[in-house]
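What follows is one structure encoded as structure tokens, with my remarks underneath.
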């Protein structure tokens, strides 16, 4: 069974490709392959054994780390020592108290993609919310965007991204 399905991104001959078909057998007893679209143009059959997982992020992508948005500066790198077997990225904070501070080699499993569902549409600023632990939250700024600060009634000040990442999903109370 192939690990790739239609629409997946994969690496083939050093290039990122888009998988266009489920795995097929090229001829009786032959190789297993996928039809792929190459970034350089055109499509071709790629042997399944020659396809590898595409990097989760590329330089310039945004993600979340420790509840704040970060920008991918470089990577992926293969971990060594205690990080052996992990995929690592170099990141810099976009918002929060460590904005523009570079962190080296962050484990990709700790970097969920930046969720654009944060913000006014999902969490109107006028509301009071309850987290999964029962803590009540309300906004203390009206600047807009995922960097907005929330005040936990009894839990301190945190960004909306961090509150939702740690105590979400939030339930609107009023």
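Mind checking the full-extension length gain between residue 98 and residue 61? Use 0.36 nm per residue of separation minus the Cα-Cα distance, one decimal, nm. Let's see the in-between values first.
Values: separation 37, 0.36 × 37 = 13.32 nm, distance 1.81 nm.
Net length gain for the segment: 11.5 nm.
Among 163, 70, rank each residue by its count of other Cβ atoms within 10 Å, from fewest to most, as a rough exposure measure.
The most exposed by this proxy come first: 163, 70.
Between residue 38 and residue 6, what's the calculated FRET efficiency when r is the beta-carbon distance and R0 is 22 Å? Round to 0.05.
With R0 = 22 Å, the Cβ-Cβ based efficiency is 0.90.
If each residue of separation counts as 0.36 nm, what is the full-extension length gain between residue 13 and residue 28 once their alpha-carbon separation is subtracted? Let's see the in-between values first.
On the way: separation 15, 0.36 × 15 = 5.40 nm, distance 2.49 nm.
Full extension of this stretch gives 2.9 nm more.
Fully extended, how many nm does the chain gain between residue 82 and residue 20 (0.36 nm per residue separation, minus their Cα-Cα distance)?
Contour length minus the Cα-Cα distance gives 18.6 nm.
What order do you get for 71, 5 when you list them from fewest to most C-beta neighbours inside 10 Å?
5, 71
Using only the Cα atoms of region 9-53, what do you get for the radius of gyration and for Dmax, in Å?
10.0, 31
Would you mind classifying region 62-110 by shape? Square roots of the alpha carbon gyration tensor eigenvalues, ordered a ≥ b ≥ c; an a/c under 1.5 is rounded, otherwise it is prolate if a/b is larger than b/c and oblate if not.
prolate
Given R₀ = 25 Å, FRET efficiency for residue 133-residue 109 by Cβ-Cβ distance, to 0.05?
Numbers: r = 23 Å, r/R0 = 0.93.
Result of the calculation: an efficiency of 0.60.
No lab work stands behind these numbers, since they all come straight from the coordinates. All of these numbers come straight from a predicted model, not from anything done at the bench. We place every Cβ from the backbone using ideal geometry, glycine too, and count neighbours over all the protein chains shown.
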